[in-house]
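Here the structure is laid out as structure tokens; the discussion comes afterwards.
The values are calculated or read from the model by the stated rules, or taken from the named source; none is laboratory data. The structure displayed is predicted, hence computed values, not measured ones. Neighbour counts are summed over all protein chains in view; Cβ atoms, including those assigned to glycine, are modelled from backbone coordinates with ideal geometry. The accessibility values were calculated without ligands, DNA or RNA, using every heavy atom of the protein model including side chains. Shrake-Rupley method; radii C 1.70, N 1.55, O 1.52, S 1.80 Å.
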Amino acid sequence: MKILIVGGAGYIGSHMCKMLVHSGSEIIVLDNLSTGFQEMVKYGEFVQGDLANQELLDSLLMKNEFDGVIHFAANSLVGESMSNPSKYYQNNVGNTLNLLDAMVRHDVKNFIFSSTAATFGEPEYSPIDERHPQKPINPYGASKLMVERILQDYANAYGLNSVSLRYFNACGADPEGEMGECHDPETHLIPLILQAASGRRKCITVFGRDYATGDGTCVRDYIHINDLCSAHALALDMIVSGKKDGALAYNLGNGHGFSVQQVIDVVKKVVAEDGCNLVVEEGERRAGDPAVLVADSSLARQTLGWQPKYGDLETIVRHAWAWEKTFV
Ligand code: UDP
């Protein structure tokens, strides 16, 4: 297969590229490097460019016969989306429309879209399956939901097949240590705790201990980056082979929740083997954080035959720690 990976210089995209090339696909990475890093593009041909550039999209799609497009390029900071919604609607919705319209013009029929648990908003029940109402509470989640809706209309009108994959908490790193999580600024729990352990950060702050959970800290569903990527590969195969068509959507998580404190405890255990420790500080709740977010991924397991390999939090933390150690 020949695949265009938009946002292939980012955290999830870079791991996806490796997986696809290893399974025999030919890939081209398109990335504007606004949040990604060229050093993370270790597989495939790299094209630096922006989805706002329609001529570039036309020339890329004219020169290459892509079997499908996987779209990771988006802004994904909830707080920033609250203070600068324009950026989120312009990029996550407007630029995605440019990409979809170019696909329609050039008759590229298969699209895998990075969606998010943030499309659900405040959970009405847990674990969250695909029937859960989608009522996003921030512009980031709203922008992703808009694209999900656009994809339904594009399936009906233009026969564009798509799979929206709603990630819960992506984490971990390439088990072979070639790549890992790299955000600037970093806002995610596991890399922040690991940075506190490696000395790149002074401490980790726990955002609230007064939630209605077992130990009072927020519970999340942490899913290994390679497991996320294997779901993309399966989803792409499913629509490219014609097994299913239309606009489909699946929730991707392990189905197990871990509290912030449990994650800290696992990290402490792993880093202690290298003689490291970390300082934990107490902080206020972060606005917009639901107490519990856990996925019911039965539909993805049944339909895609998806089987997460790294459900165990300690393995996830070990891979992420090996990556963190490359920075010190
Ligand atoms: N969190 C925390 N301290 C931090 C960063 C995150 O306590 O410095 C908590 C956050 O409140 C949430 C969980 O860790 O409950 C996961 O947050 P993250 O930003 O990694 O992912 P999110 O669930 O927001 O997508």
Next item on the list: Give the range 31-78 a look and list any residue that's of a type in the set (A, V, I, L, M), away from the ligand (no atom under 16 Å from the Cβ) and either closer than 26 Å to residue 117 by Cβ or open to solvent by 50 Å² or more (accessible area, probe 1.4 Å) (or both), or say none.
Entry: 40, 51, 52, 62, 69, 70, 73
Checklist line | All positions within the range 112-147 that are aromatic (Phe, Trp, Tyr), surrounded by fewer than 18 Cβ atoms within 10 Å (Cβ to Cβ) and touching a Leu at 6+ places or on another chain (Cβ under 7 Å) | finding: none
Notebook entry, point to check: Of the residues 214, 255, 242, which single one is within 28 Å of residue 121 (Cα to Cα) and open to solvent by less than 60 Å² (accessible area, probe 1.4 Å)?
Noted result: 255
Note to self: Where the second residue is buried (at least 17 other Cβ atoms within 10 Å of the Cβ) and of a type in the set (D, E, K, R) and the first is assigned to a helix (DSSP H, G or I) and lies in the range 312-326, which pairs have Cβ atoms under 8 Å and are six or more apart or on separate chains?
What the structure shows: 319/174; 320/181; 323/174; 323/181
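Test residue 175 against the stated conditions and say whether it is under 23 Å from residue 235 (Cα atoms), open to solvent by 50 Å² or more (accessible area, probe 1.4 Å) and either touching a strand residue (DSSP E or B) at 6+ places or on another chain (Cβ under 7 Å) or not β-branched (Val, Ile, Thr) (or both).
yes
Of everything in the range 161-184, what is more than 14 Å from the ligand (Cβ to nearest atom), touching a residue at least 40 places away in the same chain (Cβ under 8 Å), of a type outside the set (Val, Ile, Thr) and over 18 Å from residue 36 (Cβ atoms)? Give them in sequence order.
161, 162, 164, 165, 175, 177 - these are the residues of the range 161-184 that are more than 14 Å from the ligand (Cβ to nearest atom), touching a residue at least 40 places away in the same chain (Cβ under 8 Å), of a type outside the set (Val, Ile, Thr) and over 18 Å from residue 36 (Cβ atoms).
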Check: Can you name every residue in the range 177-234 that is among the aromatic types (Phe, Trp, Tyr) and closer than 29 Å to residue 68 by Cβ?
Finding: 222
Note to self: Could you tell me how many of the residues in the range 190-211 are near the ligand (Cβ under 10 Å from one of its atoms) and open to solvent by 40 Å² or more (accessible area, probe 1.4 Å)?
What the structure shows: 4
Next item on the list: Grab the strands (runs of 3 or more DSSP E) fully contained in the range 109-223, keeping just those with 2 or more residues being at pLDDT 95 or above and aliphatic (A, V, I, L, M).
Entry: 161-167, 204-207
Notebook entry, point to check: Looking at (1) farther than 26 Å from residue 251 by Cα; (2) assigned to a loop (DSSP other than H, G, I, E, B), which is the one condition that is false for residue 73?
Noted result: (1)
Note to self: So for the range 288-298 (the condition being over 20 Å from residue 171 (Cα atoms), modelled with pLDDT under 95 and either within 16 Å of the ligand (Cβ to nearest atom) or part of a loop (DSSP other than H, G, I, E, B) (or both)), does at least one residue qualify?
What the structure shows: yes
